[in-house]
Amino acid sequence: MSSPLVHTDCINTKANRQIPYVFVCATVDEQKVLYFAYEKKRYESVKKNVKEDFYGIQVHDHEITFYSYGIVHHEYLAFVQWYLKYNIENESSLIWN
């Protein structure tokens, strides 16, 4: 909670024939990682973990749920690059890409 920056991701996995979601929160400066497992990838799940009370910079994928928490948001460049490549290949009629 005292770290100025937290990396966050939500990963779906398989356990006991169910597909739970694992939220991962990692700090670089303190080299700590927290894991939270939930049945669904929703706002209710985020409310139950530390992201709800974190007010620093959050680095994450483009998961819309994460934008409701924190003050500053950065996206992983790998995702930005993937979105751009997808648009170039699949939406050739657009000029901006």
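The values are calculated or read from the model by the stated rules, or taken from the named source; none is laboratory data. Small disclaimer: the values here were computed from a predicted structure and weren't measured. All Cβ positions, even for glycine, are placed from backbone atoms using ideal geometry, and neighbour counts span all protein chains on display. The accessibility values were calculated without ligands, DNA or RNA, using every heavy atom of the protein model including side chains. Shrake-Rupley method; radii C 1.70, N 1.55, O 1.52, S 1.80 Å.
Points to keep in mind about this one:
- When each of Pro20, Pro4 is tested for being touching a residue at least 40 places away in the same chain (Cβ under 8 Å) and either open to solvent by 80 Å² or more (accessible area, probe 1.4 Å) or more than 16 Å from Phe54 (Cα to Cα) (or both), the lone residue that passes is Pro4.
- Against the conditions (1) at pLDDT 85 or above; (2) over 14 Å from the mean Cα position of the chain (by Cα); (3) open to solvent by less than 80 Å² (accessible area, probe 1.4 Å), Thr27 satisfies every one except (2).
- Sole exception among (1) surrounded by 12 or more Cβ atoms within 10 Å (Cβ to Cβ); (2) in contact with a strand residue (DSSP E or B) (Cβ under 9 Å, 6 or more places away or on another chain); (3) at pLDDT 80 or above for Trp82, by number: (2)
- Counting only residues that are closer than 15 Å to Cys10 by Cα and over 20 Å from the mean Cα position of the chain (by Cα), the range 67-97 holds 0 of them.
Residue-wise test of (1) assigned to a helix (DSSP H, G or I); (2) at pLDDT 80 or above; (3) within 20 Å of Val80 (Cβ to Cβ).
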| residue | (1), (2), (3) |
| --- | --- |
| Asp9 | no, yes, yes |
| Phe23 | no, yes, no |
| Ala37 | no, no, no |
| Lys41 | no, no, no |
| Glu44 | yes, no, no |
| Glu52 | yes, no, no |
| Tyr67 | yes, no, yes |
